[in-house]
Structures are given as C-alpha cells and as structure tokens.
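Q: Next up is a structure, given as structure tokens.
Here, each number is a calculation from the coordinates, and none is a lab measurement. Values in this document were obtained by computation on a predicted structure and should not be read as measured data. In this analysis, Cβ positions are derived from the backbone assuming ideal geometry, glycine residues included, and neighbour counts consider all displayed protein chains.
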Amino acid sequence: MAQYDIVTVGTLVRDVTMFTTQGQVLKTPGNLTAQRMIGFEYGAKIRVPQAHFGAGGGAGNAALTFRRLGLRVSVISRVGNDAEGAFLKSDLARQGVDASRIQTDASRHSAMSSIIASAKGEHDHVIFVYRGASEGLRLDSGSFSGLRPRWIYMTALTGDAWQQNIRAVFAAAERSGAKVAWNPGGEQISAGRRALERFLKMTGVLIVNKDEAIELVLSGIKLGKRNPSFLNKPLYLLNILSDWGPKHVVITDGVHGVYALHAGKVYRQKALRRKEADTTGVGDAFGAAFIAGLQLAKGDVALALRWGVTNAASVLTKVGAQHGVLTRAELAAQLRRAR
C-alpha cells in the first residue's frame, strides 16, 4: 500500500505581490513566446498601493491543492535556515502536508519572489525570483525512501544539479512504480528536446502552458521556410509533444481553456469566467487538481480537466498563489452548480 498518494518536488517561495497602475502593458504579437510585455519609466520610483505576502513555489502550491482535495502528500524541497524557511515549512505542516523531507540550507536564504501585477483591470503579472536555497536541492535514492507514492509531481527545478535531480525522480518512480507528472520550469524548457527527451519518454503526464509548449517544440523541429504562426495552434503542439513520449500531454492556454491528448483522443475544456484578482499560482492550481482528478476519478481525463479549471478559477479570484485553493467539498459543490 502506498504511504503517500503524492510527493511534490520543486521550490518553496515566499511571495510578495505588488499591484500598480503605473505599468504599461505592451502587445508584441510578433514574438510567439512573449506576446505581451509590461514596461515602466526608467529611473522612476513606482508607487505600490497594494502589497500582499504569502507562500508560493510550485511544490508548495501543488502540495496544498493535493492536501485540500483529500490526498496524502509529502514535499521535497529546500529552504534557508531563516524565518521565511521556518514559515514555509510550518505553514505546510499546519495544513496537513508532510514537511519532514524539506532540506535546510545554512548558507543561502530561502527563495523569494516579487510579483509585479497590473491594477488596470487585467491582473497578469511579471515575477522577479530569487531562487536562493532552492538552487542547492540535491536528490538521491535516499530522498524518497519510505515514501512509496502513487504519483510524483515534479515542478520547476533550478540550480546546477537539476538534471541529477530529475534522474533521481525518475529512478525513484521506477523503483516504487509511481507515475510522474511533470510541470517543467524555465531551465528545463530552455534546455530543449535533446536534454529532456529521455525523461519525456518516462513521463505519465506533461503539463505546460502554450508559450512553454511553443518554446519546447521549437527546440526539436526544423522550421525551414515555413511561417512559424502554425505553432500558435495547441492541437499541433499537442501532437508533436505526444510523439516525444508522454502518455498524457496537457497544454493550458489562459482564457482559451486547456487541451489534452491521451491515447490518440483530444480533450478540450473551456476556462471558467471569473473576476480576476491575481493570476499567481493559477497554473499550479490547475495542474495539481488535474492530477488529483486523474487519481480520484480513476483516469477520467474529461472530469480531471474540469477539476483543474475549477480549482484554477477559484485561485484566480484571490490574491496569492494559495488563498483560493478549494477543498474536496468546495470543488464538488462548484462542479454540481456548473452542470
């Protein structure tokens, strides 16, 4: 019997979210991987009328969703020997997440992020991240001993050892029979197909947003003289990434919803319309609830997608990555109302 349903692997971050009306959002449709940018006057002092403080990081955000949906979850991450690290660990433990596998780094500060969000009615954001102690994460066979999870949920990894850590994750999954769900970070996406392909072939579920999917696909195909605009089509991206090995491929596309491909069948789920407060953590909320849905709904992809977009929509209505995460009862009630 599995001791844990899920083990999450990745970063824990202390988030500071700042809203301002002084940023100018610029549309850059000619750039497929950065279609909007936000700019500020160089040398200006920017007033921040609202600031919010909370916990974040892919491993923590996902762990909280899994726990609130009733699953037994442990976190493997690394924090500094400081007040922020103590807060991040105690906050997860308080909510029923096993925090005993979180490493402590005596030489580096816990990861921090400053999130700059527009307060002009569209609450997307730019995140400035200090990775700190998370870059010192080191995984080996002992990191997973005794956990016996059904799933390992791997989020963004950083630091010089990220490839070693990925190898340790897949080795642990092979030993225990766990499935791996993978939401890769920027360093993994930038490394491209050649660096990731052997791992993609062992991945149970690959979850990326459309920009990440485009960047990853571009690393593995030759465009020749073709116009790259066809890469804006999620169905095209799904098929290419599926050919690289993952059993499920899921691509999120913001307000346009989410697409999935499994066993040759394409699924699409529309995004739920909600009044936006903050988009921080929405991707983690979707990904973790989708995997929880696969586990608890016995592989029903369509239902799992509804779990994902419902939890994501709830997080979207609150400031911070974790404040809107739904419990199992709250999720069930929202799904019933949506019928």
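Q: Among the lysines, select those whose C-alpha is under 16 Å from the C-alpha of Lys210, and discard any that sit fewer than 8 residues away in the same chain.
A: Lys233, Lys270
Q: What is the spin-label model distance, in nm, from Ala297 to Ser190 if the labels are put 7 Å beyond Cα along the C-beta direction?
A: 3.6
Q: List the longest stretch of the chain that has no exposed loop site; here a site is one of the chymotrypsin sites (Phe, Trp or Tyr not before Pro) assigned by DSSP to anything other than H, G, I, E or B, with at most 14 other Cβ within 10 Å.
A: 43-339
Q: So, one more: Which FRET efficiency value, to the nearest 0.05, do you get for Gln3 and Leu235 by plugging their Cβ-Cβ distance into 1/(1 + (r/R0)^6) with R0 = 41 Å?
A: For Gln3 and Leu235, the calculated efficiency is 0.55.
Q: If you average the sequence gap of Cα pairs under 8 Å that are 6 or more apart and divide by the length of region 4-338, what percent do you get for the contact order?
A: Relative contact order comes out at 17 percent.
Q: Which of Met112, Met154 comes first, and how do the rest follow, when ranked by fewest Cβ neighbours within 10 Å?
A: Exposure proxy ranking, most exposed first: Met112, Met154.
Q: Follow-up. How far apart, in nanometres, would the label points at Arg268 and Asp140 be if each is projected 7 angstrom from Cα along the Cα-to-Cβ direction?
A: The two pseudo-label positions are separated by 5.0 nm.
Q: Using a basic spin-label model with each label point 7 Å from the Cα along Cα→Cβ, how many nm lie between Ala106 and Arg337?
A: 5.2
Q: Alpha carbon centre of region 144-217 versus region 32-101: separation in Å?
A: Taking the Cα centre of each part, region 144-217 and region 32-101 sit 20 Å apart.
Q: Separate question: Assuming R0 = 25 Å, can you tell me the calculated FRET efficiency for the pair Thr317 and Phe40, based on Cβ-Cβ distance, to the nearest 0.05?
A: In this case the efficiency is close to 0.40.
Q: What is the spread of the Cα atoms of the chain along each of their three principal axes, largest first, in whole Å?
A: 55, 50, 46
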